[in-house]
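The values are calculated or read from the model by the stated rules, or taken from the named source; none is laboratory data. As the structure is a prediction and not an experimental result, all values here were calculated from the model. A quick note on method: Cβ atoms are made from the backbone with ideal geometry, for glycine too, and the neighbour counts reach across all protein chains shown. Please note that ligands, DNA and RNA were not included when accessible areas were found on the heavy atoms of the full protein model with its side chains. Shrake-Rupley method; radii C 1.70, N 1.55, O 1.52, S 1.80 Å.
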Amino acid sequence: MNAIETLAEAGFRVIDAANADEAIDILEARHDVRVVVTDIQMPGSMDGLKLAATIRNRWPPIELIVTSGRVSLGQRDLPERGRFLPKPYDGEHLLEAIRATL
């Protein structure tokens, strides 16, 4: 929840999804999402990396930030234009990653 608070306090409109299925439902219903931040380890029918790949295929303009404290990824492991943000990270690193994608 700290990431949500950090982004909201920085002026971003944040939409929280409990799992990948909910995230896809949100993306299907909204057309104003510009960046998705996802953890690789998440509940639901797919993990965060599969969610990121799905987003890249279905909504190419959306920018992607993938995070994990258990797995380390290289650029070739991510969808095109995806960024990896290792945990733990502080709010400023998250904000830098968001701003860099925009």
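Structure data summary
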| quantity | calculated |
| --- | --- |
| Dipole magnitude of the chain about its Cα centre (Cβ charges: Lys, Arg +1; Asp, Glu -1), debye to nearest 20 | 400 |
| Within the accessible area of the chain (1.4 Å probe), percent carbon and sulfur | 49 |
| Under 5 Å, built H, 5+ apart or other chain: amide partners of T67 | T38, D39, I40, L85 |
| Summed side-chain charge close to G44 - residues other than G44 whose Cβ falls under 9 Å, Lys, Arg +1, Asp, Glu -1 | -3 |
| Trypsin sites (Lys or Arg not before Pro) lying in DSSP loop within the range 57-102, provided at most 16 other Cβ fall within 10 Å | R70, R81 |
| Contact order normalised by residue count of the chain, Cα under 8 Å, 6+ apart, percent | 24 |
| Table column - 3J(HN,Hα) (Hz), the range 32-48, Karplus curve with 6.51, -1.76, 1.60, x for Gly and Pro | 10, 7, 10, 9, 10, 10, 9, 8, 5, 8, 9, x, x, 6, 8, 7, x |
| Radius of gyration, Dmax [the range 62-101; alpha carbons; angstrom] | 9.8, 25 |
| Whole-angstrom Cα spans of the chain along principal axes, big to small | 29, 28, 24 |
| DSSP-assigned coil residues among GluC sites (Glu not before Pro) in the range 28-101, each with at most 11 further Cβ atoms within 10 Å | E80 |
| Amide H partners (placed H, <5 Å) of V35, local residues excluded | E63 |
| The chain, accessible area per residue, ligands and nucleic acids excluded (1.4 Å, Å²) | 61 |
| Formal net charge of residues neighbouring R70 (Cβ-Cβ distance under 15 Å; K, R +1; D, E -1) | -2 |
| Chain lengthening between L102 and E22 when straightened (0.36 nm per residue, less Cα-Cα) | 26.4 nm |
